[in-house]
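All remarks here apply to the structure that follows.
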Amino acid sequence: MAKALDGVRVLDMSHVQAGPSCTQILGWFGADVIKVELPGKGDATRGQLRDIPNVDSLYFTMLNCNKRSITVNMKSEKGKKIIEELLKISDILVENFAPGALDRQGFTWEKIRQINPRVIYASIKGFGPGPYADCKAYETAAQAMGGAMSTTGWPDGPPTSTGAQIGDSGTGVHALAGILAALFQRTVTGRGQRVEVAMQDAVLNLCRVKMRDQQRLKHGPLTEYPNKTFSDEVPRSGNASGGGQLGHGLRCKPGGQNDYIYVIAQEAIWEPFMKLIGREDMLTDPKFAKIGERRKHQDEMWKNIEGWSLKYTKFEVMRMLNEIDVPCGPILSMKDLIEDKSLQERGIMVDVKHPQRGVFKNVGCPINLSDSPVEVWSSPLLGEHTDEILKQVLKYDDKAISQLRAEGAI
C-alpha cells in the first residue's frame, strides 16, 4: 500500500532530538529522509549514553529510524555542491543548528529559495527573535523558559522538570505540523516557505491551561487547586488535576515507588464511588457532600479514599473504578510499558533489528492513518547510504564518488 508521503524527499540536516523526532515521523509516513552528517563524526547522539561499546547509542537509534545517512563535509566546496544538488530535488529541509550556523555555511533562506523555490525550509531554534535569540537551548532550559517548570512540582519544593521531552520532541511535533501545512499550501501556491518553531514557544503552547489560570488569579484564588494560599503567580500544585474536577495520585498495594493510581473524582460519580469504598458517610458529611466543600478539604478527602486503595494493587483499583465509570490511570513505569503486550500488538512498542546491536525496542508511530500503514526499520549506520544516494539520486558514477572521497568531500 502506498504511503502518505510517498515521493516526498526530506533533506534532514538536524541532530540530537528536536529535529530528528520530527523527521522520523516524516519517514514513518513514507518520505525519503536523507540524513546529512559530518564524515567520521555524525550526529552527536550516536556516541552519547552508549550501552554497547562502538555501537550507535539507543539515543540515536530510537530517533532516527526510517532514514538514510549520507556523510558530507560542508567545509568543502564540493561538499557544498552536493548539498545544493540535493536541495534542488528535495521538498523539505529541516535543521536545528545554532542560530546563523547554516547562514555562515552560505545557505541563507534567500540562497535556498534561489536553489529551489518549492522547498519548505523548517528551522527549529531554542527561542524566537528577541533578547534570547542567540542563547543556547536545551530540553530542560526550554521547559524552564516555557513555563512548565514553574508550574510543576510541590508548593514547598523547587521547580521541577517533566520526564516527557516536551522541549525537544514536543517542538519536533510542532514543526511537523508546520511542515505538513506548508506542504499542503504548496499544492495551491506552487511555492515553498519558511517554517520556524522555537522550543520556548512550543513548551508555552503546551502550558496553555496554566496561562489560563494566570489570568484567572486576578479574580481570586483558584478553588480547584489544593493550595492554601496564592500569590500573583500560578503555583505548583503537586498532582492536582488542574481542571474543574478533583484529581490525585493514590497509593496502592504493595507500596512500591510506582504503586499508585491517578483518580479523578467527578461530581457525577461521587455517590457510587463512595459506596464502592464503603464510605457512605462522606455522602452526608458537610465537608465532602458538595464539590465546593470537597475542594476546601481535599487533603482529608484523598486520605480517606487512600485508606481503601491501599488494600488493592493499582490494576485491581483500575478494574473496580472502571466498572463504575470513574476516570483513572495506574502509574505505569517504563518497565511496565516496555513489557505491555497490548502496546506491542498495536505497534506502539516495536522490535527493530539493528545491524550491529541486534534487536532493540522502539516507540512506534503514535499517529495512525488508515491508508498509510507504518513500517519501522532501523536507523542508518554513519554514511551507510552515501554511495547509494550519490548514485541513485544525484547520478554520480563510481569514479566521481571515489574522487570526492579522496578529496574529503564525503
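Has the stretch 278-290 got at least one residue that is among the small types (Gly, Ala, Ser), outside any strand (DSSP E or B) and surrounded by 12 or more Cβ atoms within 10 Å (Cβ to Cβ)?
Checked against the condition, which is being among the small types (Gly, Ala, Ser), outside any strand (DSSP E or B) and surrounded by 12 or more Cβ atoms within 10 Å (Cβ to Cβ), the stretch 278-290 yields at least one hit.
Filter the stretch 337-362 for residues that are surrounded by fewer than 14 Cβ atoms within 10 Å (Cβ to Cβ) and in contact (Cβ under 8 Å) with a residue 24 or more places away in the chain; which is nearest to residue 272 (Cα to Cα)?
That would be 353.
Looking at this structure, is residue 61 closer than 20 Å to residue 26 by Cβ and of a type outside the set (Asp, Glu)?
yes
Rundown of residues vs (1) under 22 Å from residue 330 (Cα atoms); (2) of a type in the set (Lys, Arg); (3) open to solvent by less than 70 Å² (accessible area, probe 1.4 Å); (4) out of contact with any Ser or Thr (no Cβ under 8 Å at 6 or more places or on another chain), yes/no style:
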site	(1), (2), (3), (4)
211	no, no, no, yes
217	no, no, yes, yes
228	no, yes, no, yes
234	no, no, yes, no
238	yes, no, yes, yes
241	yes, no, yes, yes
246	yes, no, yes, yes
250	yes, no, yes, no
254	yes, no, no, no
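Could you please find all residues in the stretch 146-177 being of a type in the set (Asp, Glu) and either within 29 Å of residue 229 (Cα to Cα) or surrounded by fewer than 13 Cβ atoms within 10 Å (Cβ to Cβ) (or both)?
Of everything in the stretch 146-177, just one residue is of a type in the set (Asp, Glu) and either within 29 Å of residue 229 (Cα to Cα) or surrounded by fewer than 13 Cβ atoms within 10 Å (Cβ to Cβ) (or both), namely 156.
Go through the stretch 67-98 residue by residue and tally those that are closer than 20 Å to residue 174 by Cβ and among the polar types (S, T, N, Q).
Going through the stretch 67-98 one residue at a time, the tally reaches 1.
Take the residues in the stretch 126-145 that are closer than 26 Å to residue 231 by Cβ and without any contact (Cβ under 8 Å) to a residue 60 or more places away in the chain; name whichever of them is least open to solvent (accessible area, probe 1.4 Å).
Of all residues in the stretch 126-145, those closer than 26 Å to residue 231 by Cβ come to 131-132, 140-145.
In the following step, the residues that additionally are without any contact (Cβ under 8 Å) to a residue 60 or more places away in the chain were identified as 131, 140-141, 144-145.
Numbers: 131: 118, 140: 56, 141: 36, 144: 54, 145: 77 Å².
It comes out as 141.
Quick grid of which residues meet (1) more than 17 Å from the chain's Cα centre (by Cα); (2) modelled with pLDDT of 95 or more:
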site	(1), (2)
87	yes, yes
91	yes, yes
94	no, yes
124	no, yes
129	yes, no
134	yes, no
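Test residue 323 against the stated conditions and say whether it is under 30 Å from residue 340 (Cα atoms), surrounded by 14 or more Cβ atoms within 10 Å (Cβ to Cβ) and acidic (Asp, Glu).
No, not satisfied.
Taking the stretch 335-371 on its own, how many of its residues are out of contact with any helix residue (DSSP H, G or I) (no Cβ under 9 Å at 6 or more places or on another chain), at negative phi and of a type in the set (Gly, Ala, Ser)?
Looking only at that region, the number is 2.
Could you list all residues from the stretch 9-54 that are within 19 Å of residue 72 (Cβ to Cβ), of a type in the set (S, T, N, Q) and open to solvent by 10 Å² or more (accessible area, probe 1.4 Å)?
none
It is to be established whether one or more residues within the stretch 369-387 are without any contact (Cβ under 8 Å) to a residue 60 or more places away in the chain and outside any loop (DSSP other than H, G, I, E, B).
yes
Restrict the check to the stretch 394-403 and report whether at least one residue is assigned to a loop (DSSP other than H, G, I, E, B), free of Cβ contacts under 8 Å to residues at least 60 places away in the same chain and basic (Lys, Arg).
If we filter the stretch 394-403 for residues that are assigned to a loop (DSSP other than H, G, I, E, B), which is where we start, we get 394-397.
Right, trim to free of Cβ contacts under 8 Å to residues at least 60 places away in the same chain and you get 395-397.
Among the residues that remain, those that are also basic (Lys, Arg) are: 395.
The answer is yes, given that some residue of the stretch 394-403 is assigned to a loop (DSSP other than H, G, I, E, B), free of Cβ contacts under 8 Å to residues at least 60 places away in the same chain and basic (Lys, Arg).
Yes/no per residue for (1) in a loop (DSSP other than H, G, I, E, B); (2) within 15 Å of residue 33 (Cβ to Cβ); (3) among the acidic types (Asp, Glu); (4) in contact with a Gly (Cβ under 7 Å, 6 or more places away or on another chain):
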site: 54; (1), (2), (3), (4): yes, no, no, no
site: 66; (1), (2), (3), (4): yes, yes, no, yes
site: 70; (1), (2), (3), (4): no, yes, no, yes
site: 79; (1), (2), (3), (4): no, no, no, no
site: 85; (1), (2), (3), (4): no, no, yes, no
site: 90; (1), (2), (3), (4): yes, yes, no, no
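Filter the stretch 363-396 for residues that are open to solvent by 90 Å² or more (accessible area, probe 1.4 Å) and among the small types (Gly, Ala, Ser) and give the result.
The answer is 370, and nothing else.
The values are calculated or read from the model by the stated rules, or taken from the named source; none is laboratory data. Source: prediction; values computed, not measured. All Cβ positions, even for glycine, are placed from backbone atoms using ideal geometry, and neighbour counts span all protein chains on display. These accessible areas exclude ligands, DNA and RNA; they are computed on the full protein's heavy atoms, side chains included. Shrake-Rupley method; radii C 1.70, N 1.55, O 1.52, S 1.80 Å.
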